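Reviewing the structure listed below.
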Amino acid sequence: MRKKIAKVCKYTFFTILGIIVVFLIVPTWTPSIEGENSISHLEQIDINGEGHEVMIRGTDRANPVLLFVHGGPGYSEIPYVRKYQRELERHFTIVHYDQRGSGKSFHFTEDYSKLTTDVLADDLIALTKYVTEELHQEQVILVGHSFGTYIGIKAVAKAPERFKAYIGIGQVADTIQSEMETLDYTIKQANASGNKADVKQLELLRDSVQQGKGLTPRTFVQKYGGSARLINENADYVKGFLINPEYNGVDVIRFYTGILQLQDRLVLEALDHPLPEIVDEIRIPTYFFMGQYDYMTTLNAARDYLEMLKAPEKELVIFHESAHYPQFEEKDKFMAWLVEHFKLD
């Protein structure tokens, strides 16, 4: 009997070990799209001497190009974003990429200790050149999300000729202004919930946030509805990592290692150098998409920034059911706006 149990345990151990190994190293890919002129690529390309993971998807290469810049810092959207863009792929060619040091673009042998947002903006400009040449198009529509808007605005200010328009979703603005609003919001919600321990912990952070030395903890922002209302962003990542073919186990390790190495330093850069002090003019049409309940990057701070920003055309688009992810929380409204403004006849 003991031998039988030992044999079963041994078999179970090696089965589990085999599953783990397969999960870690299984080849990654993105599902194909039907159509003679469709595109569905997931590949590592060289951008400014560094390998970048790029995913391009769409039913027709001739459609206008949407190039998305993920936030975080470090939070690639490649693991799960197909869930929200199936219909959008019918009207546009969609480009996502993992920024230098993020996700599948994190390389264990590289030193990222001197990485700055200026480097990331230069990478984005170079990637845009690659994408337009690959798809035989003159320009792209740049869509930044969250911290990706900090990088995106720097890129369009530096090389406006490469972009047809700029869309900032969850737009970063005066970070200290935004964070003070976020802190006040979370304290108010914690008080309303009768959670005195959270109130006490948050109040202890007031001086640090006010002096631009830190952020309101995102765990509290999520807890009190300032991150997402109509989606579960954490569940999206877990399901994407486990089910979708774009990431394997090693890529998940890259993902979290990149965040640990880069996030704090890049966030402090944004705190020390608020966007309104860096970029006050963009020479292309500019649109800020903000969720009414966004307290990761607040609506008021984005509105104030847009009012002072010079642009040939600018508009604030408010999503009244959303927080920080209006492109996912109200994806039909998001697509309808894009189709109305940019879809080819």
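Throughout, read-outs are computed from the coordinates displayed, never taken from laboratory work. Everything numeric here is computed off the predicted structure, so don't read it as measured data. Cβ atoms come from the backbone with ideal geometry, glycine included; neighbour counts cover every protein chain shown.
Ratio of Rg to Rh for the chain: 1.01 [Cα atoms; Kirkwood radius as inverse mean 1/r over pairs].
Residue ranges 165-173, 127-135 sort as 165-173, 127-135 when ordered by packing (mean number of other C-beta atoms within 10 Å per residue, highest first). Taken over the Cα atoms of the range 134-223, the convex hull encloses 113 Å³ per residue. One equal scatterer on each Cα of the range 74-190, no solvent, Debye formula: the resulting log10 I(q)/I(0) at q = 0.16, 0.17, 0.22 Å⁻¹ is -0.90, -0.99, -1.36. Amide H contacts for Lys314 (H built 1.01 Å from N in the peptide plane; partners 5 or more residues away or on another chain; cut-off under 5 Å): Thr286. Principal axis extents of the Cα atoms in the range 15-142, from largest to smallest and rounded to whole angstrom, are 43, 41, 22. Of all beta bridges DSSP finds with both residues in the chain, what is the antiparallel percent, to the nearest 5? Of all bridge pairs located within the chain, approximately 35 percent are antiparallel. Need one word for the range 234-302: rounded, prolate or oblate. Basis is the Cα gyration tensor (sqrt eigenvalues a ≥ b ≥ c); a/c below 1.5 gives rounded, then a/b vs b/c decides. Here the range 234-302 falls in the prolate category. Just so you know, the averaged projected area of the alpha carbon convex hull for the range 272-324 sits at 3.7 nm². Relative to the Cα centre, the charge distribution of the chain, modelled as +1 at Lys and Arg Cβ and -1 at Asp and Glu Cβ, gives a dipole magnitude of about 1860 debye.
For the range 147-286, the pair-distance distribution built from all alpha carbon pairs, in bins 10 Å wide starting at 0, is 10, 29, 34, 24, 4, 0 percent. When the Cα centres of the range 121-182 and the range 246-279 are compared, how far apart do they sit, in Å? Computed from Cα coordinates, the inter-centre distance equals 16 Å. Shown here is the pair-distance distribution of the range 211-345: with all Cα-Cα distances grouped in 5 Å bins from zero up to the longest one, the shares run 2, 8, 13, 15, 19, 19, 14, 8, 2, 0, 0 percent.
Here is what passes the span test in the chain: the DSSP H helices with alpha carbon length of 20 Å or more along the helix axis and a Kyte-Doolittle mean of 1.0 or above are 2-25. In the chain, with Lys and Arg counted as +1 and Asp and Glu as -1 at Cβ, which of these residues, Leu202, Val250, Leu275, has the Cα nearest the positive end of the dipole, that is, farthest along it? So the residue we want is Val250.
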